Amino acid sequence: MSFRNLLCRLLPCIVMYGLLLANPVAHAQNAKPRAIVTVDRIIAVVNEEVITEKELAARVDLALRQLRQQGTPPPSREVIQRQLLERLINDRVQLQHAREIGLRISDSELDRALDRIASENRLSLPQMREALEKDGVPFTKFRDDIRNEITLSRLREREVAQKIVVTDAEIEGFLRNQETQGGRGDEYNVSHILVSVPESATPEQIQVRRARAEDALAQIKGGADFRQVAAAFSDAPEALQGGLIGWRESDRLPGLFLDALRPLKAGELTALLRSPNGFHILRLNERRGGQAPLMVQQTHARHILIKTNELISETEARNRLTTLKERLDNKADFAELARVHSEDASASRGGDLGWLSPNDTVPEFEQTMNALKPNEISPPVRSPFGWHLIQVLERRTKDMSSEGRRLKAQQALRDRKTDEAHQEWVRQLRDRAYVEQRLEEKI
């Protein structure tokens, strides 16, 4: 018998407070039977791992609390359970794949991410920990969740995003299409409901999913709160945010969505839309238009990079840069030291990175660079690539309208391709996994 079958037969639930074994004879003769109290039970098997009722309940409690804080009327607990169980299963399948290919997030990388999250919320790490505990979220659980989120993001980049290619011809076609359609630069604030359809769905399954989408649309037209219907029906990532996607420029919306949104007024709904992923309902919340010149502050910078690995520790890398910083403070030539010591491709150019626009570099690098004055050299700073010394040479403000449109077109095409490819990749990964749901079973 396989492990999975044995697991499903022998572990339908985890039970405490069964028969006492300390004195079996006396107990059998004198003690009254005690009620069996269910502490936890298995509600899904994903390959050789299980998802328990307690794990799902914690997610449901958090989701319901977030919906109430947003002012979104929550659907029934059973609906939220089904939605979140699907997400847990998909996440579990991906995390298992990450382990199989050796993708790991180190403790030091996780600590830096937690520091960044605390800083973005204007809290120290101890203050953030206290706030989480007060909100009923154990810090160890939050830490594990952040590690998993980073892993999933890194996995998406490695398995999908880095394989996406956008050609010059596609960019030119995209820009020509924008010119002919007009409305370039318009932005749309959109809410979204997706009723997904499996890739290999039968006609009967497709009809069932269509009927579910039509039911959702009918409820909204009948006066139901869009946010509540989205939380109850949608399979999209933003379902528990009431379906709110937020502001999107026209070139970052799929053509199917854009064509349906253009004729709408604020507050109106699209008809039911069909895509390869399933059935969609969109609501236009607001629209704004007009494209002003894209003025961007750019920074001309150079750096020296020391990477960490099995041979060079974090401490050694930082100490090496501290020594180089002392030499630079004593008038050593930055470009010459970069050519000799930097482990970046820019070393041959004396560490010169050219003109950098916002978001061209990772946040840790950009934040330090932005705080420097021209000709100032930073202390050693850590990024995912290693340890850096950064020098700002000069700054300028440039009209990037033409270049910006092309870059935005490239990014929009890449985002669309990546989203579609990622959804397809997750579906295939799920199809190859052994998944058994036991949510409806009662003890």
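Every number in this text was worked out from the coordinates using simple rules, so none of it is lab data. What you are looking at is a predicted structure, and each value in this text was computed from that prediction instead of being measured. Neighbour counts run over all protein chains shown; Cβ positions are idealised from the backbone, glycine included.
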Ranked output for segments 371-377, 356-362 by mean other Cβ atoms within 10 Å, highest leading, reads 356-362, 371-377
Cross-link partners of Lys331 among aspartates and glutamates (Cα-Cα below 15 Å; sequence separation of 8 or more within a chain): Glu376
From the Cα centre of the stretch 96-142 to that of the stretch 249-271, the distance in Å is 37 Å
At 7 Å along Cα-to-Cβ for each site, give me the label-to-label distance between Asn359 and Asp225 in nm. 3.2 nm
Ala58 to Arg427: FRET efficiency via 1/(1 + (r/R0)^6), r the Cβ-Cβ distance, R0 22 Å, to the nearest 0.05? 0.25
With a 10 Å Cβ neighbour count serving as the proxy for reagent exposure, in which order, fewest first, do Asp215, Asp352 appear? Asp215, Asp352
Tally Lys/Arg at +1 and Asp/Glu at -1 over every other residue whose Cβ is under 15 Å from the Cβ of Leu114; what's the total? -3
Roughly how many Å is it from the Cα centre of the stretch 226-246 to that of the stretch 301-375, as a whole number? 44 Å
